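Engineer: Pasting a structure here, questions to come.
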Amino acid sequence: MRILVIEDDAATADYIAKGLGEEGHVVDLARTGKDGLFLALNESFDVIVTDRMLPGPDGLAILRALRASGIATPVLVLTALGEVDRRVEGLEAGADDYLAKPFAFAELRARVRALARRPAGPAEATELVVGDLRLDLLRRAVTRAGRAVELLPTEFRLLEYMMRHPGQVLTRTMLLEKVWDFSFDPTTNVIDVHVSRLRRKLEAAGEAPMIRTVRGAGYILAPPG
Amino acid sequence: MRWLRSFAPRVALLVGGVVLVASVGGAGWGWLRAQDALRRQLDLVLATDAEGLLRDYETYGLRGLAEAATIYARRQGPLRVLLLAPDGRPIAGRLPGAPARLRGFVTLEGEEGRQRLLGALLPDGTNLLVGASLVPVDRAAAALAWTPPVAAAIAATLALVLGFLAARRLEARLAGISGAAQAVMAGDLTQRLPQSGAGDEFDRLAVTINAMLARIETLVAELRQVTDDIAHDLRSPLSRLRQRLEAALAAPRDAAADSATLEAAIAELDETLATFAALMRIARAEAGAGRESFAALDLSALVADTCEIYAGVAEEAGRVLETRIAPGLFLVGSPALLRQALANLLDNALNHAEGRITVALEAGPVLSVSDEGPGIPEAERDKVLRRFYRLDRSRNAPGTGLGLAMVAAIARLHGGRIGLEGAGGGTRFIIRFAAAGVNTPEKVR
């Protein structure tokens, strides 16, 4: 993948570029908003990662310029610590995701992958299928190899999100934000509880596990084997 | 003349001076007007009398007129009459200094002061003169004209005296306020402005300023508390981290041990950063940040959703989460922050209390979360809402000690208040949202 990183802090920029480079991505680095906007408008990228506060046009200005030019490249905006209330502002400006600094690299990696592999037309799909697992969005029903799986609404939303991103690492923070709109970290293990309950229901008839735990990162939903 | 620099006597002096100057200026003009008006009146009297005398002449002839003139002279009234023969010889009456052959009105300077004369020539050449002294007229005009300036002078004097007294009183009141303000500036934030108890504008000002001082005192105390808490709560993990890294550096290199040390260090830093982030979120909420993105939202649905998510968590922990949610309650606010407030209260009940958890949402809207735990002593109920305050029994439970402070900040941001009460041994947290923030569903697009 070709990724554009717009970040004025040299240490953070190098940290992101090095990490993404080791993942096998091609990373272009812009140190100012002006350079970033120029690159974003004139070259083609799979994902753009931009800091919110930048010299020259800031992250949101770049975002608005891109969207105004009809460029739909997924954009991840990085923001300063504790400014969660700004998240809405960023998403309204056209950001696809929002991440507060400082972050664990695993978190950034998972989010960049999720952005790059966004399903083409998720809204139109009426059924999600991963292996022998089927989720009917209209009837709100789930079956595993033909066996009906009874899910609570909370679990259904969790499974739907995971099935839209099969084979990808989904961090706890991502699940909290995307599934339940929790923009904070509860001190109780909300995510682990729901994932393990979901897991039990999906494997109730002794089927092979589909949700894998990735240590220190999150969870992956993938066909067994 | 220190009191002259005060406000009230300056105003009194100014008003008195203006009144005095205006009335002295007006006195001259008033004197002329009064004199003129009185002279006209005198002229009318003279003309009427002359008319009567002429009627006597027409009826009784010159002899009758002469008799009338003699009667006038004998009576010695204010009106004088003189009859002069065509050769200038007096026939009857008396009018000292009268000129001969006078026709019409004239004012003359006589030996008894100014006088007004009216002369008429009779057909036989006899000259009839009627006159009266102008001295009483002048005296009355002067009296009329000088009344306002004298009154003004008295008023100006009184104004100055009252101004002086008001200045002394003002100065005394302001000295009290100024003294208290100086004490506050010197660092004594507990000082309050004195009130006279009269309920006047000074008292009202003092009440307002005292409320401001109370708010400043609370804020400064909170700030001091937070600074102390940050120093304490962030120094300990950072010191621990430093010791651990130093010990690891001194030990011989060992890949497995080094990885473990680094992982532990990152975990410790993440916790510290989480504390920082929580502190900043509280600070932003308290500063009112995020209010601009407030929108009308279905609080009932939000509470129900969040409780549903937590029901599973409670169940896994062997607890029960009960809900009593009135439907269709709307609020103008931030969904993300309100969800966090409820989640923090539920986290708190799960981590630090026991038994059944009851979430209730009633009209108001009033949101409450009750538990059946050991309860919080009354003396500590306010303190648990402070940053970093933890009950002794909770020291080792998970959390940053900031969750409830965040809830309080979110409640305040939404114009609400959070309160705590005992609930059958347990604790009930109650958030009362301001009715002003409530919107009926009809108003929600």
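FYI, it's all coordinate maths here, none of it is from the lab. In this text the structure is predicted, and so the values were computed from the model without any measurement. Note that we place each Cβ from the backbone using ideal geometry, even for glycine, and neighbour counts take in every protein chain shown.
Engineer: Only bridges whose two residues both fall in chain A count here: according to DSSP, what percent of them are antiparallel, nearest 5?
Structural biologist: Restricted to chain A, the bridges split so that about 50 percent are antiparallel.
Engineer: I'd like the mean, over residues of B:277-286, of how many other protein chain beta carbons sit within 10 Å of each residue's own Cβ.
Structural biologist: Taking all residues of B:277-286 together, the mean is 4.
Engineer: Same structure, new question: For region B:143-155, just list the computed ³J(HN,Hα) in residue order, Karplus coefficients 6.51, -1.76 and 1.60, θ = phi - 60°, integers in Hz, with x standing in for Gly and Pro.
Structural biologist: Calculated HN-Hα couplings, in order: 4, 4, 5, 8, 4, x, x, 5, 4, 5, 4, 5, 4 Hz.
Engineer: Placing unit charges on C-beta atoms (Lys and Arg positive, Asp and Glu negative, everything else neutral), compute the dipole magnitude of region A:2-116 about its Cα centre in debye, rounded to 20.
Structural biologist: My answer is approximately 140 debye.
Engineer: Net charge near B:Gly113, counting Lys/Arg +1 and Asp/Glu -1 over other residues with Cβ under 15 Å of its Cβ?
Structural biologist: Local charge sum for B:Gly113: +1.
Engineer: Return the single residue from B:Arg387, B:Arg240, B:Arg356 with maximal mean-square fluctuation; model: Gaussian network over chain B, springs between Cα atoms under 10 Å.
Structural biologist: Top of the fluctuation ranking is B:Arg240.
Engineer: Which ³J(HN,Hα) values, rounded to whole Hz and listed in residue order, are derived for region B:18-29 from phi using the Karplus coefficients 6.51, -1.76 and 1.60 in 6.51 cos²θ - 1.76 cosθ + 1.60 with θ = phi - 60°, glycine and proline given as x?
Structural biologist: 4, 4, 4, 4, 5, 6, 5, x, x, 5, x, 5
Engineer: Out of A:Phe38, A:Thr73, A:Met53, whose Cα points farthest toward the positive end of the dipole of chain A (charges: +1 Lys, Arg; -1 Asp, Glu; placed on Cβ)?
Structural biologist: Projecting each Cα onto the dipole axis, the largest value belongs to A:Thr73.
Engineer: Would you mind counting up the charge near B:Arg74? Only other residues with Cβ under 13 Å from its Cβ, with Lys and Arg at +1 and Asp and Glu at -1.
Structural biologist: That sum, taken over residues with Cβ under 13 Å, equals +2.
Engineer: While we're on this one: Using the number of other C-beta atoms within 10 angstrom as an exposure proxy, rank B:Trp29, B:Trp146, A:Trp180 with the fewest first.
Structural biologist: So the ranking, lowest neighbour count to highest, is B:Trp29, B:Trp146, A:Trp180.
Engineer: Of the residues B:Thr400, B:Thr147, B:Thr218, which exhibits the maximal mean-square fluctuation in a Gaussian network model of chain B defined by a 10 Å Cα contact cut-off?
Structural biologist: Of B:Thr400, B:Thr147, B:Thr218, the Gaussian network model singles out B:Thr147 as fluctuating most.
Engineer: Please identify which residues in region B:257-288 have an amide N closer than 19 Å to a label point set 7 Å out from the Cα of A:Asn189, following the Cα→Cβ vector.
Structural biologist: B:264, B:267-268, B:271
Engineer: Quick check: net charge around A:Arg2, other residues with Cβ under 9 Å of its Cβ, Lys/Arg +1 and Asp/Glu -1?
Structural biologist: That works out to -3.
Engineer: What average count of beta carbons from other chains do you get within 10 Å of the Cβ of residues in B:343-356?
Structural biologist: 2
Engineer: Per residue of region B:54-62, in order, report the coupling 6.51 cos²θ - 1.76 cosθ + 1.60 (Karplus, θ = phi - 60°) as ³J(HN,Hα) in whole Hz, putting x for Gly and Pro.
Structural biologist: With coefficients 6.51, -1.76 and 1.60, one gets 5, 5, 4, 4, 5, 7, 10, x, 4 Hz.
Engineer: Now for a separate question. Computed FRET efficiency, Cβ-Cβ of B:Asp254 and A:Glu207, R0 35 Å: what is it to the nearest 0.05?
Structural biologist: Efficiency at R0 = 35 Å is approximately 0.25.
Engineer: Among DSSP beta bridges lying fully in the protein assembly as shown, give the percent that are antiparallel, nearest 5.
Structural biologist: Antiparallel bridges make up about 75 percent of those DSSP assigns within the protein assembly as shown.
Engineer: Averaged over its residues, how many other protein chain Cβ atoms are within 10 Å of peptide B:304-312's Cβ atoms?
Structural biologist: Counting Cβ atoms of other protein chains within 10 Å of each residue's Cβ and averaging gives 5.
Engineer: If I stretch the segment between B:Leu174 and B:Ile266 completely, what's the gain in nm (0.36 nm per residue apart, minus their alpha carbon distance), one decimal?
Structural biologist: Length gained between B:Leu174 and B:Ile266: 27.2 nm.
Engineer: Might you report the magnitude of the Cβ-based charge dipole of region B:2-151 about its Cα centre, with Lys and Arg at +1 and Asp and Glu at -1, to the nearest 20 debye?
Structural biologist: Charge dipole of region B:2-151: 800 debye, to the nearest 20.
Engineer: Here's something else I'd like to know. Placing unit charges on C-beta atoms (Lys and Arg positive, Asp and Glu negative, everything else neutral), compute the dipole magnitude of the protein assembly as shown about its Cα centre in debye, rounded to 20.
Structural biologist: Computed about the Cα centre, the dipole is about 2160 debye.
Engineer: Further, regarding this structure: Anyone know which of B:Gly64, B:Gly26, B:Gly425 comes out most mobile in the 10 Å Cα GNM of chain B?
Structural biologist: Looking only at B:Gly64, B:Gly26, B:Gly425, the biggest GNM fluctuation is shown by B:Gly64.
Engineer: Within a 10 angstrom radius of the beta carbon, how do B:Lys383, A:Lys101, A:Lys178 rank from fewest other beta carbons to most?
Structural biologist: Ordered from fewest to most neighbouring Cβ atoms within 10 Å, B:Lys383, A:Lys101, A:Lys178 come out as B:Lys383, A:Lys101, A:Lys178.
Engineer: Turning to a different aspect of this structure: Restricting to lysines 8 or more places apart or on different chains, can you count the pairs in the protein assembly as shown with Cα atoms under 25 Å from each other?
Structural biologist: Value for the protein assembly as shown: 5.
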